[in-house]
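What follows is a short report on a single structure.
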Amino acid sequence: MKSNQLRDKFLEFFKKKGHVIFPSDNLKPDDESVLFTSAGMNQFKPYFLGEKKDIVRAASCQKCLRTGDLDNVGRTAYHHTFFEMLGNFSFGGYFKKEAIEFAWDFVTGELNIKEKDLWVSVYEKDTQAFEIWKDYAGLPAEKIIKLGEKSNFWPANAPSNGPDGPCGPCSEIFFDQGANSGCGLKSCNPDCGCGRFVEVWNLVFTQFNRKGKDNLLALPQKNIDTGMGLERMACVLQGKRTNFEIDILAPVVEEVRSIIKKSSSSGDSDKGLFYAIVDHARAATFAISDGIFPSNKEQGYVIRKIIKNALFKSGSLGNKEPFLYRLPEVFAELMKGQYPEISQKKNDISKIIMAEEKKYFSLLKDGKVYVDVIMGKLKKAGKIVLAADDVFYLYDTYGLPLGLIKELVRENGFSTDDSGFEILLKQQRERSRSSSMFDDNIFKTGGLSLKEKTKFSGYQKDSIKTDIVKIFVLGKEAKEISQGRQGLIVLSETPFYAAGGGQLADTGYIKTKGGEFKVEEVFKVADAFLHKGQVLKGKIGISKAQASIDKQRRMALARAHTATHLLQAALRTVLGGHVAQQGSLVDEDKFRFDFTHFQALTSQEIQKVQDLVNRYIIDACAVCKKNLSYEQAKKEGALAFFKDKYSSKVRVVSISDYSKELCAGTHLDNTSEAGMFVIESESSISSGVRRIEALVGYKAYSFLKSMQENELEIAATLKCNPADLNSALQKLIEETKSCKQDVSRLLVELAFFTAQKIIASNKKDINGVNFLAYIDNKKYSSLEGAFAVRALSDAVRKHLSSVFIFIVTKVEGKNKFFCSASNDIIAKGFGCKKFVFDFKEELFLKGGGKDSLVQGVIETEISGFSEKIEACFKQFTKK
């Protein structure tokens with residue numbers, strides 16, 4: 001039976017049993033307690049908790065991603081990072097009897113697996129499940145194995161060790177591969193870890209609420225949560241020995257073999273590497289399709305690690321170039337029936353993976369150079385262990401997998417400080433976790449608690465009559481705020497938008513009979529809006545009030561916010577559907593927008609995006625807003641910013657057929673109200689995340705006006721018409737280029753004669769090596785400085801075929817150095833790169849290059865520098 005048939009049969013079987021069939025949820029869950037969707041039950045959490053009650057039976061085939069067993073992938077027959085989980089669920093409906101009967105009927109009836117090949121396990125205290133299996137399935141008692149809470153309770157060991165909360169016993173179905181498999185002992189049963197018995201289905205009976213050790217109270221709503229690994233069951237049905245031989249994975253294994261040029265007859269260790277590569281490539285493909293892009297934080301960090309792990313393993317097979325980017329197309333073809341989005345996005349997915357692969361191999365090259373330098377220092381110091389700091393630097397900065405670092409170090413006869421590295425890695429994870437978390441009720445940390453609810457009417461009104469219900473001054477509740485003092489005001493109803501979703505808050509005024517309060521900031525705590533500001537006149541107390549926003553600011557914010565939606569639509573059109581918002585800051589007629597993309601935008605792409613946004617504005621499309629259930633909004637394809645939390649009811653902002661987003665911000669009614677749009681800058685803020693800063697409305701007009709004025713001024717300076725600027729500038733560039741060539745020629749001629757004098761007065765023999773250090777006291781401009789020093793070095797080399805040169809000069813006020821070495825000196829182990837690295841602290845050097853040439857700056861004064869360089873070189877060449 002093919003995998004697609006198995007999937008379809010399962011869902012159709014449970015549909016006939018009255019289950020509502022749910023599509024797979026995104027791998028990036030709404031639940032912040034987990035990084036990835038790791039089980040079929042994740043999307044049904046509100047039903048398990050009793051928060052939603054519209055259905056009692058459900059079934060799904062869920063995409064899952066788990067990294068706990070990352071190191072086991074490829075080593076065992078069944079471990080994966082990405083896999084599909086078939087599951088049926090009951091929320092206060094049927095319980096053990098029906099769950100067991102459904103499972104047995106499906107396995108023996110629909111899948112036609114013989115009873116003789118099946119065993120089951122139950123929790124040792126669950127006599128009810130034992131009896132159902134014996135009576136309904138007719139299994140003999142010896143094939144129903146009773147196991148303890150470690151194996152057959154969810155969570156494992158929950159009665160003894162916790163955690164408190166919902167839990168329950170479970171029952172597992174095993175397929176027996178036969179006495180010829182595994183350990184061969186007659187006593188072998190599903191509790192044996194030899195591999196003979198394959199667990200294919202786990203039935204969890206959530207019936208208890210744990211409150212302390214071994215204190216299990218009955219839940220008012222008993223639930224069923226089952227999980228069958230699609231790949232494992234397909235492996236059984238197709239008679240294969242590993243999941244990687246089934247119909248949806250074997251072709252990819254062969255494709256990777258073909259790319260890396262390894263035959264299928266290679267050893268078991270090679271097979272394991274191929275399996276792990278295929279698994280990791282599939283995980284990356286599906287994660288990127290679901291909007292999880294490689295990065296240095298949270299989910300993105302894990303996907304980057306998985307890609308690097310695959311490339312590291314491919315290196316063990318002799319691969320030295322990008323290839324994973326070729327696999328999304330294979331996955332798209334194999335899984336197009338169930339997951340058509342992979343086919344739709346395969347080109348974008350490939351580009352993102354290709355960019356990651358290029359980064360990996362670039363960092364790998366630099367990392368190996370760094371390892372060589374560190375190994376040299378260790379040898380000099382007589383040490384045999386690479387310090388934890390250096391291991392972590394290679395792992396974190398260069399992104400080298402730990403296995404590769406250990407391999408490189410071991411090749412040089414050294415070991416690594418593993419325990420120290422683990423401590424540093426744990427500290428980094430804690431920093432990352434704390435930086436990504438926030439307290440959404442942080443107001444309480446000041447000793448204040450708010451139970452008030454503020455009604456927001458700012459979508460419809462800009463000025464309303466309302467009530468002041470609470471006042472705070474200096475962090476304490478107060479009855480009033482006097483003139484000149486600052487404080488916080490809570491209103492029963494407000495037109496003021498509180499800062500959120502990237503948009504800055506409204507400002508304005510709150511007026512009462514007794515005074516006037518200027519609102520400078522607005523923020524939300526729980527369901528209350530707090531208006532921060534200062535009393536301008538009189539005093540403000542608990543009373544009736546008139547609250548009015550600054551309408552001009554509101555309009556400017558709305559222009560910018562609507563423009564972020566137009567920009568995202570344009571980016572997705574020009575660059576691809578992989579573009580997803582990662583953050584924004586919406587200000588008056590200006591904003592920044594962070595989004596996923598794997599490389600810098602070209603000038604042509606920037607222009608296309610800018611043109612498209614302005615086209616949207618000129619087209620004068622209506623900006624529609626409506627409230628929907630979160631589920632309905634997702635079904636309609638509304639984009640959501642995944643770092644935001646959404647309630648069951650959401651606001652959807654739609655523009656024509658090109659933009660639909662979940663958004664609580666304030667917006668225009670028509671795109672034409674944005675006026676015009678200009679991109680100020682495009683840059684990188686982290687790996688895989690780009691930032692655009694843009695202007696709209698009046699600020700966009702001012703920007704273009706300033707550009708036009710600059711253009712007129714430049715044209716006047718060049719004495720040409722603005723329309724002829726390009727040709728005038730090209731002429732100036734050609735003239736400047738000609739002048740530079742003349743200057744360069746003169747510098748070369750001068751350097752040849754200067755070199756003879758320098759050699760005569762500065763060349764020394766140090767430990768059998770020709771050494772020349774020279775301080776050039778001329779002051780150069782940036783245009784001629786680098787060339788002059790290079791010309792001087794080349795001239796010295798023409799007079800001396802074997803020499804190590806270190807020249808210092810001043811370019812535009814900065815002390816620059818130029819270090820070069822001939823090939824014979826490099827062959828002796830005295831390359832420039834190594835010299836600069838070894839003495840960068842003593843000589844205050846900062847630069848880069850290669851063994852034959854390094855240049856950079858000297859971050860100190862250079863008086864007496866020749867002597868310092870000479871002393872260091874003596875130490876450097878000392879045998």
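The values are calculated or read from the model by the stated rules, or taken from the named source; none is laboratory data. Predicted model, so just to flag it, every value in this text is computed and none were measured. As a convention, Cβ positions derive from the backbone with ideal geometry for all residues, glycine included, and neighbour counts pool all protein chains shown. The area values use the complete protein model at the heavy-atom level, side chains included, leaving out ligands, DNA and RNA. Shrake-Rupley method; radii C 1.70, N 1.55, O 1.52, S 1.80 Å.
Observations
- Residues within region 34-48 that are within 15 Å of residue 66 (Cβ to Cβ) and either free of Cβ contacts under 8 Å to residues at least 12 places away in the same chain or open to solvent by less than 50 Å² (accessible area, probe 1.4 Å) (or both), tallied: 8
- Of 542, 510, 549, all but one fail to be of a type in the set (A, V, I, L, M), farther than 19 Å from residue 666 by Cα and touching a Phe, Trp or Tyr at 6+ places or on another chain (Cβ under 9 Å); the exception is 510.
- Only residues that are more than 20 Å from residue 213 (Cβ to Cβ), of a type in the set (Gly, Ala, Ser) and in contact (Cβ under 8 Å) with a residue 24 or more places away in the chain were counted in region 122-172, giving 3.
- All conditions in (1) on the phi < 0 side of the Ramachandran plot; (2) at pLDDT below 85; (3) surrounded by fewer than 19 Cβ atoms within 10 Å (Cβ to Cβ) hold for residue 625, with the sole exception of (2).
- Residue within region 1-16 that is over 29 Å from the mean Cα position of the chain (by Cα), in a loop (DSSP other than H, G, I, E, B) and either at pLDDT 90 or above or not aromatic (Phe, Trp, Tyr) (or both) present: yes
- For region 789-815, a residue qualifies if it is part of a strand (DSSP E or B) and within 19 Å of residue 873 (Cβ to Cβ), and the qualifying residues are 804, 805, 806, 807, 808, 809, 815.
- Looking only at residues in region 193-240 that are of a type in the set (D, E, K, R) and under 35 Å from the mean Cα position of the chain (by Cα), the one that is farthest from residue 157 (Cα to Cα) is 231.
- Screening 818, 830, 804 for residues that are within 23 Å of residue 748 (Cα to Cα), at pLDDT 80 or above and within 42 Å of the chain's Cα centre (by Cα) leaves exactly one candidate, 818.
- Check on residue 242, surrounded by 22 or more Cβ atoms within 10 Å (Cβ to Cβ) and at pLDDT below 95: no
- Residue count for region 705-759, restricted to those that are over 27 Å from residue 788 (Cα atoms) and open to solvent by 90 Å² or more (accessible area, probe 1.4 Å): 11
- Residue that is nearest to residue 601 (Cα to Cα), among those in region 677-702 that are open to solvent by less than 60 Å² (accessible area, probe 1.4 Å) and not in a strand (DSSP E or B): 688
- The lone exception for residue 554 - which of (1) open to solvent by less than 10 Å² (accessible area, probe 1.4 Å); (2) closer than 30 Å to residue 656 by Cβ; (3) in contact with a Gly (Cβ under 9 Å, 6 or more places away or on another chain) it fails: (1)
- Filter result (over 17 Å from residue 367 (Cβ atoms) and not in a helix (DSSP H, G or I)) within region 282-318: 290, 291, 292, 293, 294, 295, 297, 317, 318
- The criterion of at least 3 residues that are among the aliphatic types (A, V, I, L, M) is met by the following strands (runs of 3 or more DSSP E) wholly inside region 494-592: 515-525, 528-541, 544-549.
- Scanning region 501-527 for residues that are at pLDDT below 90 and of a type in the set (D, E, K, R) yields 524, 527.
- Boolean, residue 693 is without any contact (Cβ under 8 Å) to a residue 12 or more places away in the chain and farther than 30 Å from residue 875 by Cβ: no
- Taking the criterion of being closer than 17 Å to residue 174 by Cβ and touching a Pro at 6+ places or on another chain (Cβ under 7 Å), the residues of region 130-152 that qualify are 145, 152.
- Looking only at residues of region 494-506 that are touching a residue at least 40 places away in the same chain (Cβ under 8 Å) and open to solvent by 30 Å² or more (accessible area, probe 1.4 Å), we find that the one that is farthest from residue 527 (Cα to Cα) is 504.
- Unique residue being in contact with a strand residue (DSSP E or B) (Cβ under 6 Å, 6 or more places away or on another chain) and either buried (at least 24 other Cβ atoms within 10 Å of the Cβ) or at pLDDT 85 or above (or both) when the list is 293, 323, 312, 274: 293
- When region 329-367 is limited to residues that are in a helix (DSSP H, G or I) and basic (Lys, Arg), the one that is surrounded by the most Cβ atoms within 10 Å (Cβ to Cβ) turns out to be 345.
- Output for region 296-309, where each listed residue is touching a Lys or Arg at 6+ places or on another chain (Cβ under 7 Å) and open to solvent by less than 10 Å² (accessible area, probe 1.4 Å): none
- Test: residue in region 391-411 that is in a loop (DSSP other than H, G, I, E, B) and in contact with a Gly (Cβ under 7 Å, 6 or more places away or on another chain): yes
- Candidate set from region 61-78 (those that are in contact with a helix residue (DSSP H, G or I) (Cβ under 8 Å, 6 or more places away or on another chain) and free of Cβ contacts under 8 Å to residues at least 40 places away in the same chain); member that is farthest from residue 285 (Cα to Cα): 62
- Exactly one residue out of 218, 179 is part of a loop (DSSP other than H, G, I, E, B), among the hydrophobic types (A, V, I, L, M, F, W, C) and open to solvent by 20 Å² or more (accessible area, probe 1.4 Å), and it is 179.
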